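The values are calculated or read from the model by the stated rules, or taken from the named source; none is laboratory data. Keep in mind it's a predicted model, so treat the numbers as computed, not measured. Methodologically, a virtual Cβ is constructed for each residue, glycine included, from the backbone with ideal geometry; neighbour enumeration extends over all protein chains shown. The protein model used for the area step is the full one, side chains on, heavy atoms only, and it has no ligands, DNA or RNA in it. Shrake-Rupley method; radii C 1.70, N 1.55, O 1.52, S 1.80 Å.
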Amino acid sequence: AQRVTQPEKLLSVFKGAPVELKCNYSYSGSPELFWYVQYSRQRLQLLLRHISRESIKGFTADLNKGETSFHLKKPFAQEEDSAMYYCALSGSARQLTFGSGTQLTVLP
Amino acid sequence: DTEVTQTPKHLVMGMTNKKSLKCEQHMGHRAMYWYKQKAKKPPELMFVYSYEKLSINESVPSRFSPECPNSSLLNLHLHALQPEDSALYLCASSQDSGGSQSDTQYFGPGTRLTVL
């Protein structure tokens, strides 16, 4: 079975502060991990995936297989980063399993 | 066209009604998905079509009936729904390239369904 845990339902930070959204997973094989973002009144969209190792909108995430984590980080949060963030895992069946999500609010 | 579109945006129906949700993509993707998303919850997979064939049905009640008429279209037929079926229904598509890595799924804006 595959499972994704996002321990923080809500997270608030001030503009310019660093932000880290936590994601832990459980999967017996070699997983693929994703971060999806849903801005207010917009569709769910891919932010980044671990295999591409890109930095999108200043966000990065590193897959740590030892700690089974894929935390999302940004050194300086912006107000436009306020959104719902979902961590997701794709296993051998190519099905996406989503975490419960973290609502990030960046305060002015 | 690089988007997944869904119609209608909103739908209100009674428990005895029959209605359909539609999803369309013109990105040449060969995998299409239906998800159900309740308020403040993550999307839950319902069905997966791969090359127009149903490949995954996540034990969804038979009052939900998917259909894939062609590679660009995906329908979800609704009949005798219950009030607890009220949710945002999301469609997604992906390449289904068959490689060793998963393909990115692109999501539509969703249809907000209310069952009275």
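So which of A:K74/B:K36; A:K9/A:K74; A:K22/B:K41 end up more than 21 Å apart by C-alpha?
Numbers: A:K74/B:K36 30 Å; A:K9/A:K74 18 Å; A:K22/B:K41 17 Å.
Pairs exceeding the cut-off: A:K74/B:K36.
For A:S55 and B:T16, what is the calculated FRET efficiency with R₀ set at 45 Å and r taken between the beta-carbons, to the nearest 0.05?
That gives a FRET efficiency of 0.30.
Where does region A:36-108 land on Rg(C-alpha)/(2.2 N^0.38 Å)?
Scaled against compact globular proteins, the figure is 1.14.
Which value, in Å², gives the accessible area per residue of the protein assembly as shown when a 1.4 Å probe is used on the protein heavy atoms?
50
So what is log10(I(q)/I(0)) for chain B at q = 0.11, 0.16 1/Å, when the Debye sum runs over its Cα atoms only?
Debye output, listed in q order: -0.33, -0.69.
Could you give the distance between the Cα centres of region A:18-78 and region B:17-87, to the whole Å?
Region A:18-78 and region B:17-87 have Cα centres separated by 26 Å.
Mind running the shape call on the protein assembly as shown? Use the C-alpha gyration tensor, a ≥ b ≥ c as the square roots of the eigenvalues: rounded below 1.5 for a/c, prolate if a/b tops b/c, oblate otherwise.
It comes out prolate by the Cα gyration axes.
Determine the order of B:I56, A:I51 by accessible area, beginning with the largest, at a probe radius of 1.4 Å.
These residues rank, largest area first, as A:I51, B:I56.
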